[in-house]
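Values in this text are rule-based calculations from the coordinates and carry no lab data. Fair warning: this is a prediction, and the values are worked out from it, not measured in the lab. Heads up, the Cβs are rebuilt from the backbone with ideal geometry, glycines too, and the neighbour counts pull from every protein chain shown.
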Amino acid sequence: MITVKCFARYRALLGFEEVQVAAVPTLADLLADSRFAALPKDALLAVNMSFADRTSPLRDGDEVALMPPVSGG
């Protein structure tokens, strides 16, 4: 299983704070799940607390974080 955690506004957008999903080969495969359809393309992604892109491999037991882009001045 893979644990997916949503942060900030993505909690309301996706309707959950944390969810467990079956292991898949890549982050892109995970995000293809209909539960993540509303996730914007510019979302920041992390696997096991390291920033990742959609081609990043996943393994059973990984933790994925979905975070909105950060801005500031």
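Here is how the numbers come out for the structure above:
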{"read-out": "Test: residue in the stretch 9-16 that is within 11 Å of the chain's Cα centre (by Cα) and not in a helix (DSSP H, G or I)", "value": "no"}
{"read-out": "The stretch 17-43, residues that are in a strand (DSSP E or B), over 17 Å from Pro68 (Cα atoms) and touching a Lys or Arg at 6+ places or on another chain (Cβ under 9 Å)", "value": "Val19, Val21, Thr26"}
{"read-out": "Residue that is surrounded by the most Cβ atoms within 10 Å (Cβ to Cβ), among those in the stretch 1-16 that are under 19 Å from Val70 (Cα atoms) and of a type in the set (A, V, I, L, M, F, W, C)", "value": "Cys6"}
{"read-out": "In the stretch 49-71, the residues that are surrounded by fewer than 16 Cβ atoms within 10 Å (Cβ to Cβ) and over 11 Å from the mean Cα position of the chain (by Cα)", "value": "Met49, Ser50, Thr55, Pro57, Arg59, Asp60, Gly61, Pro69, Val70, Ser71"}
